[in-house]
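Each reported figure results from applying straightforward, stated rules to the coordinates on display, with no laboratory input. Quantities reported herein were computed from a predicted structural model and do not represent experimental measurements. Virtual Cβ from ideal backbone geometry, glycine too; neighbours counted across all protein chains shown.
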Amino acid sequence: MDNGLQLEMNFELGINRFRNCLDNGVFSLLIETNVPALDTELGNAVNRLLELEKAVASVSAFPVGLAVTDKWPYPNSWNIIDFIRKLPAERRDRHVIYLSGADTSAKDLFNTVKVCVGEGFLNVVPVSGSVRPEDSERDVRKRNYVESVNVLDSLRREPARQVFPGCVVNPFKYTRGSSFAQYYKLIRKLNLGASFMVTQLGWDMAKLQELRWYLSWRGLYYPSVARLCMLTPERVEKILRGDSPGIIIPESFRRILESESRFSLNQFEAAQWRRLQLHVAGCKMLGYSGVQIAGVDTPEKLNVVVRRISSALSEFDNFQQWLAAYREHLGQLDMSPYPYSFYVFEKLLSHPFPVQEFPKMRYSGDPVVGGWEKFGYAVREFMFAQAHEQAPNERIAMKKMLAGCRSCSVCRLPMTMYVCPEKCPKGMASGPCGGTRPNGDCELPGQGECVHLKIARTAVWRNEVDMLEDGCLEQSPRFEKK
Ligand code: SF4
């Protein structure tokens with residue numbers, strides 16, 4: 001990317017309206033739009049973007065901005081800077097820009113953040129990027145995935161002026177290990193300077209409340225935005241096919257969607273609008289600072305969304321009234337993917353605010369650290385306690401045999417419970433991506449349990465979970481080779 005000149009540019013707007021809304025508790029709306037695929041004519045895509053932005057700018061009911069996603073859902077997409085720099089300069093502080101770590105280097109991604117900020121896009125969310133559905137394990141291992149924690153860490157060391165960094169979290173996890181592993185990584189990102197968070201797409205209001213309660217229990221009062229979506233039959237099919245890692249439609253919800261589509265597309269659409277209204281109103285009741293809505297790609301749809309959300313926000317006076325309407329519409333509250341149904345708290349959706357309840361750290365339904373694993377840990381601890389301070393090839397044969405070492409140029413075993421993080425096909429070192437499957441397996445088929453869940457299990461057994469929330473681990477050495 002030609003970054004040299006832009007790095008020097010700086011917009012002296014002095015304000016960040018998106019940030020002001022979060023700071024002052026003003027409920028906001030983000031409309032999700034994507035950088036177009038490379039085989040799309042860029043000029044046409046930019047025209048559509050400008051039309052959408054114009055419609056967004058004309059909304060007066062509540063603050064609205066765009067959320068522009070990079071390399072999603074099109075991994076081969078135009079350069080995000082070339083796309084977003086056509087947006088009017090005077091409203092750039094209202095938008096949120098997601099920057100993907102897929103197929104880039106840590107240095108390039110960090111430079112892109114700085115270019116965004118220099119151009120007036122102050123709200124930036126780095127994400128690691130998803131595995132492409134068609135990729136084999138070998139393909140994935142050949143790609144670079146820059147972890148968001150590394151970008152946040154670089155920003156902490158060398159802050160770009162006025163940047164307001166955010167992070168993503170996936171609360172829609174249903175085993176104890178995968179839930180806590182997400183929260184530990186979230187706290188790591190907050191410790192590294194993320195100032196707000198955006199959730200993965202999901203429909204389970206209990207999980208959205210769980211995230212708010214967990215943060216509150218930890219004394220972390222950070223603003224959060226819930227990602228929602230206007231479902232279409234095509235989008236449902238795509239999610240069910242597994243094309244959207246980390247997003248799940250459990251069987252019970254699939255049946256509801258099926259019944260809604262039984263008679264006509266209009267009936268299906270009406271049901272989705274109502275669901276969206278209930279979710280938006282519910283998010284506000286649960287303490288979310290705003291919602292980001294996917295699937296609204298034209299000014300016409302935007303006008304409908306604004307009308308529906310306005311009426312939803314004034315429909316309910318209190319939490320119990322909203323809960324009754326939500327229950328009536330859904331016919332049930334359980335949105336967990338059977339047989340996985342772990343929730344950190346028992347009394348979710350009984351009350352809008354956190355009740356005095358301790359999170360369920362111990363839960364018999366999850367795999368424990370077995371005898372052999374404990375023995376293996378003790379051996380590896382004895383052998384490799386200083387591995388991070390030694391030459392990487394020292395004791396390499398033993399490391400290969402006992403820790404599945406992949407000959408990195410930097411060894412992180414003592415910081416990862418002596419489980420080599422390079423076992424993760426994406427090379428994530430600082431915690432799980434959002435794509436783990438409902439049973440805790442890796443998003444890439446055939447890989448078994450996500451390596452970070454194993455690390456988290458071991459850390460819980462060792463009573464060393466602090467380690468999972470601290471600092472940022474060295475980026476995968478794959479990046480050094482570039
Ligand atoms: S091992 Fe875990 S972090 Fe790595 S790609 Fe698989 S699910 Fe994501």
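The fewest-to-most ranking of Met415, Met428 by surrounding Cβ atoms within 10 Å reads Met415, Met428. In plain terms, the chain from Arg161 to Val410 could stretch by 86.5 nm, reckoned as 0.36 nm per residue minus the Cα-Cα distance. Using the Cβ of Pro159 as centre and a radius below 14 Å, the other residues enclosed give a net charge of +2, where K and R count +1 and D and E count -1. Of the beta bridges in the chain, as assigned by DSSP with both residues counted there, near 10 percent are antiparallel.
In terms of other Cβ atoms within 10 Å, Ile81, Ile97, Ile239 run from fewest to most in the order Ile239, Ile81, Ile97. Of all lysines in the structure, the ones whose alpha carbon falls short of 25 Å from that of Lys423, not counting any fewer than 8 places away in one chain, are Lys71, Lys107, Lys142, Lys173, Lys185, Lys189, Lys374, Lys399, Lys400, Lys454, Lys481, Lys482. Legend: translational diffusion of region 376-482 by Stokes-Einstein, Rh = Kirkwood radius over C-alpha pairs, 10 °C, 1.306 mPa s; D = 112 µm²/s. At 10 °C and a viscosity of 1.306 mPa s, what translational diffusion coefficient does Stokes-Einstein give for the chain, taking Rh as the Kirkwood radius over Cα pairs? Give it in µm²/s as a whole number. Answer, rounded: 68 µm²/s.
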